[in-house]
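Data block below; observations after.
The values are calculated or read from the model by the stated rules, or taken from the named source; none is laboratory data. Here the structure is a predicted model, which means the values were calculated and not measured. Here the Cβ positions follow ideal geometry from the backbone for every residue, glycine too, while neighbour counts run over all protein chains shown. Just so you know, the surface numbers come from the protein's heavy atoms only, side chains and all, with ligands and any DNA or RNA stripped out. Shrake-Rupley method; radii C 1.70, N 1.55, O 1.52, S 1.80 Å.
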Amino acid sequence: VGKSVEGRPIVAWHLGETKKPKVVLIAGMHGNEPAPTAILRTLRDGKSVHGVDLWVVPAYNPDGLAQRSRRNARGVDLNRNYPYHWAPLTGSYYSGPEPASEPETRAMMKFLARVRPDYVLSFHQPLYGVDVAVERPRFARRVARLLGLPATTLDCGGVCHGTMTGWYNHRHPGFALTVEYGWRPSRHLMTEVAPGQVLRIFGAWRGTNMFDVVP
């Protein structure tokens, strides 16, 4: 869907079935939060997906992932760079010189505008919970319950400016939600348990039929 500052590809894989609810899953927005990328790679590489029109972006910030850095190669926090409630932040949350200044941000904006998903889940670490202080709290609570995570309020310590979910929910009819795992979720959880949990949120499954499901 685009390239990073250092020219690494940002890739989305299309899985599942058309004419089903359209969902985009994003991980690796912050390069020091790599664990949830395994959920998306497992879905990409595993059994066929049914019951959902699914796009997965396992490595949204490939430069940051390569360096285990929260920010991209220009030192910008991509989750503070979107053109909705943007503010000039510094330090770890440096929001860039202007809204949508980064190629990763512009690539994701164009991709989401083209796909127009009904739902976007953005996976992060380490705050351990699902934000339910949102426009669709019932759906958020369902996500928390099916993922086995606490229902909570994620206020970013007062620096929730220019976020991807905020921009998407302001500009598009679908709904974007942040999911936070802990600092060290087990590989078993990320590869064996969570992929099936994520699909169940949308009534989807993996395998040749509904009874051939990877939990």
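Side notes on the structure shown:
To keep it simple, each residue is scored yes or no on (1) in contact with a strand residue (DSSP E or B) (Cβ under 6 Å, 6 or more places away or on another chain); (2) touching a residue at least 24 places away in the same chain (Cβ under 8 Å); (3) closer than 15 Å to Ala107 by Cα; (4) of a type in the set (A, V, I, L, M, F, W, C).
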position	(1), (2), (3), (4)
Ala12	yes, yes, yes, yes
Ile26	yes, yes, yes, yes
Leu54	yes, yes, no, yes
Val57	yes, yes, yes, yes
Ala73	no, yes, no, yes
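- Among the residues making up segment 38-59, those that are open to solvent by 10 Å² or more (accessible area, probe 1.4 Å), assigned to a helix (DSSP H, G or I), out of contact with any Asp or Glu (no Cβ under 9 Å at 6 or more places or on another chain) and of a type outside the set (Asp, Glu) are Ala38, Arg41, Arg44.
- Meets criteria (out of contact with any helix residue (DSSP H, G or I) (no Cβ under 8 Å at 6 or more places or on another chain) and under 21 Å from Pro58 (Cβ atoms)) for Arg138: no
- Pair list, Cβ < 9 Å and 6+ apart or interchain, from segment 106-125 residues that are closer than 18 Å to Gly162 by Cβ to residues that are small (Gly, Ala, Ser) and part of a strand (DSSP E or B): Arg106/Gly2; Ala107/Gly2; Met108/Gly2; Lys110/Gly2; Phe111/Gly2; Leu112/Ala176; Val120/Ala176; Ser122/Ala176
- Whichever residue in segment 1-28 is under 18 Å from the mean Cα position of the chain (by Cα) and not in a strand (DSSP E or B) and, among such residues, is farthest from Val76 (Cα to Cα): Pro21
- Pairs are defined by a Cβ separation below 9 Å, a sequence spacing of at least 6 or placement on different chains, a first member in segment 151-164 that is free of Cβ contacts under 8 Å to residues at least 24 places away in the same chain, and a second member that is open to solvent by 30 Å² or more (accessible area, probe 1.4 Å) and not in a helix (DSSP H, G or I); the pairs so defined are Thr153/Ala133; Asp155/Ala133.
- Subset of segment 22-76 [in contact with a helix residue (DSSP H, G or I) (Cβ under 7 Å, 6 or more places away or on another chain) and among the hydroxyl-bearing types (Ser, Thr, Tyr)]: Thr42, Tyr60
- Answer from Phe202, Phe139 - the residue that is surrounded by fewer than 19 Cβ atoms within 10 Å (Cβ to Cβ), under 15 Å from Val52 (Cβ atoms) and either in contact with a strand residue (DSSP E or B) (Cβ under 9 Å, 6 or more places away or on another chain) or of a type in the set (Asp, Glu) (or both): Phe139
- Scanning segment 60-92 for residues that are farther than 18 Å from Arg8 by Cβ, surrounded by fewer than 20 Cβ atoms within 10 Å (Cβ to Cβ) and not hydrophobic (A, V, I, L, M, F, W, C) turns up Pro83, Tyr84, His85, Pro88, Thr90, Gly91, Ser92.
- Test: residue in segment 131-148 that is touching a residue at least 12 places away in the same chain (Cβ under 8 Å) and among the basic types (Lys, Arg): yes
- Of all residues in segment 142-161 being at pLDDT below 95 and either β-branched (Val, Ile, Thr) or surrounded by 14 or more Cβ atoms within 10 Å (Cβ to Cβ) (or both), the one that is farthest from Gly96 (Cα to Cα): Thr152
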